[in-house]
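Written below as structure tokens is the structure these notes are about.
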Amino acid sequence: MLLASQYDQSRYFKADDLVEHDLKLRIREVTEEVIGPKQEKKLVVWFTNNKKGLVLNKVNNRVLRGAFGDPVEGWKGKVIVLFASKTEMAGDVVGCVRVRIPTATSADGQTAKPTARQDDVPPAAKAAKPPANDIDDEITF
């Protein structure tokens, strides 16, 4: 059956696709494509276990490059996790897709604990959080 809604779907991941859960994906290939109204050349990562691709922004490009090296041919077969996050754009905090490298399990069966990264949190969201242990219980009027 031909459905009009099939033509309303994006070929690429967006933050709304990841609201309910993170996605663990295996890289099939990386292509260079012309994307968006500015017709910019971007890298797009395609996966073996999902039809949608991930258009790489600078942050995600750096994460993958740091983990797997600069030549994208070496990324094939690598596993990554996509998750929804927030970033600042034009003064607003908006949803975005971020990449994380899954933690490896050591020989003794222990899973390495992932470290928090400063760039996982947008500047606006950092400013909105009160500092930990900086609560003044005394209220003066």
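The values are calculated or read from the model by the stated rules, or taken from the named source; none is laboratory data. As the structure is a prediction and not an experimental result, all values here were calculated from the model. A quick note on method: Cβ atoms are made from the backbone with ideal geometry, for glycine too, and the neighbour counts reach across all protein chains shown.
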Exactly one condition in (1) touching a strand residue (DSSP E or B) at 6+ places or on another chain (Cβ under 7 Å); (2) surrounded by 13 or more Cβ atoms within 10 Å (Cβ to Cβ); (3) free of Cβ contacts under 8 Å to residues at least 40 places away in the same chain is not met by residue 22; state its number. (3)
Looking only at segment 22-36, how many residues end up being farther than 17 Å from residue 47 by Cα and assigned to a loop (DSSP other than H, G, I, E, B)? 1
Just checking, which of 30, 72, 79 is hydrophobic (A, V, I, L, M, F, W, C), surrounded by fewer than 17 Cβ atoms within 10 Å (Cβ to Cβ), at pLDDT 95 or above and touching a strand residue (DSSP E or B) at 6+ places or on another chain (Cβ under 8 Å)? 79
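From the list 81, 97, which one is within 9 Å of the chain's Cα centre (by Cα) and either under 16 Å from residue 28 (Cα atoms) or without any contact (Cβ under 8 Å) to a residue 12 or more places away in the chain (or both)?
81
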